[in-house]
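These notes are about the structure you will find just below.
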Amino acid sequence: MAKSKDLTDAQKKSDMLKNKYLVTVYNDTTLEQVSHFRISGLGAIISGAMLMIAVVVTVTVLIAFTSLREFIPGYPDATTREKIVANALRTDSLEQLLHQWERHLTNINLLLSGQDPPPIDMEQPAASTVSSDNAASFVPSREDSLLRQEIEEYDIYDPVPATTNPLEKQESLENLFLFKPVQGMVSDKFDVKTNHLAVDIVAAPSAPVMSVLDGTVIMANWIAETGYVIQVQHNNDILSVYKHNEKLLKKQGDRVKAGEAIAIVGNSGELTTGPHLHFELWYKGVPVDPLKYISFE
């Protein structure tokens with residue numbers, strides 16, 4: 001009996017799926033028949049499933065490809081995503097600059113201990129690790145450039161004595177003859193009020209840049225804002241800095257003579273407006289006006 005009852009229930013369910021039903025829609029006020037259609041139980045199930053799938057696909061497409069996703073709690077808007085990308089690029093730039101400082105300090109320590117620092121490949125900028133495709137589209141913000149310039153100049157130009165002999169005679173800048181770093185015309189003078197702690201000298205393209213005194217190259221590298229930069233440490237706590245060069249002729253650790261060519265005038269770096277030399281002169285850790293000690297006429 002139980003088995004026969006189960007078969008009967010199964011047959012009823014099968015008939016419900018196969019049988020067709022008439023669905024009629026009436027106007028609630030006039031009881032007028034508005035529409036009707038026939039559908040089987042199986043057809044109703046399939047239609048309902050397809051409708052649910054269509055709704056899910058439509059909602060997914062709207063969220064994935066339209067701005068409606070920004071209304072979802074916890075999902076960042078376009079401005080927030082741009083800030084995230086900008087902060088990631090800024091972090092990468094500061095990380096590369098930090099690696100430069102570490103190499104710079106390591107090379108200074110090697111020089112002070114009498115060892116030669118490792119050579120630097122002058123053909124490729126040491127600070128650039130971004131692919132060519134990304135480099136073409138990446139333009140650092142003004143705040144990023146100013147921040148990196150401020151950090152770059154903080155303590156990096158603190159001169160170290162070029163000699164460890166305490167008995168060597170110390171001379172002031174007034175008693176020394178400094179070579180003119182490049183043949184050209186001064187376009188921008190030293191001005192503490194505008195924080196321009198250098199003189200800009202307009203020169204012919206590819207003109208040689210010369211060391212103002214005997215010394216040792218303590219930095220020869222690429223920096224995004226100032227291009228190819230070379231620094232020479234001289235005796236008596238004197239440091240000379242040459243920026244925006246087209247090419248560097250010396251590397252870190254090289255000994256140079258006064259008047260010897262160390263670079264080629266160029267227009268490299270972000271903060272440049274044409275071929276010129278940005279020349280800085282530091283004495284005992286303090287920037288001084290080069291026009292007081294060098295004749296550029």
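Laboratory data are not the source of any read-out in this text; all were calculated from the coordinates shown. Bear in mind the structure is a predicted one, so any value in this text is a computation, not a measurement. Virtual Cβ from ideal backbone geometry, glycine too; neighbours counted across all protein chains shown.
Model label points for Ala64 and Tyr283, set 7 angstrom from Cα along the Cα-to-Cβ axis, are 7.0 nm apart. Backbone amide hydrogens, once placed in the peptide plane, bring Glu260 within less than 5 Å of Ser211, excluding anything fewer than 5 places away on its chain.
Summing charges over neighbours of Gly43, with a neighbour being any other residue whose Cβ is under 13 Å away from its Cβ, gives +3 when K and R count +1 and D and E count -1. Summing charges over neighbours of Pro290, with a neighbour being any other residue whose Cβ is under 11 Å away from its Cβ, gives 0 when K and R count +1 and D and E count -1.
Going by neighbour counts of Cβ atoms within 10 Å, the residues Tyr21, Tyr228, Tyr283 line up, fewest first, as Tyr21, Tyr283, Tyr228. Cβ crowding within 10 Å, taken as a proxy for footprinting-reagent exposure, orders Leu105, Leu271, Leu249 from fewest neighbours to most as Leu105, Leu271, Leu249. What the phi angles of segment 274-290 give under the Karplus curve with 6.51, -1.76 and 1.60, with θ = phi - 60°, is a coupling list of x, x, 6, 10, 9, 10, 10, 10, 10, 9, 6, x, 10, x, 10, 7, x Hz, glycine and proline written as x.
For Ala258, what charge total do you get from the other residues with a beta carbon under 13 Å from its beta carbon, if Lys and Arg give +1 and Asp and Glu give -1? Within the 13 Å Cβ shell, the charges total +1. Please say if segment 14-68 is rounded, prolate or oblate, where rounded means a/c under 1.5 for a ≥ b ≥ c the square roots of the C-alpha gyration tensor eigenvalues, and otherwise the choice is prolate for a/b larger than b/c and oblate otherwise? Oblate, since a/c reaches 1.5 and b/c is not below a/b. For segment 228-259, backbone nitrogen atoms closer than 18 Å to the point 7 Å from Asn175 Cα along Cα-to-C-beta are found at 234-239.
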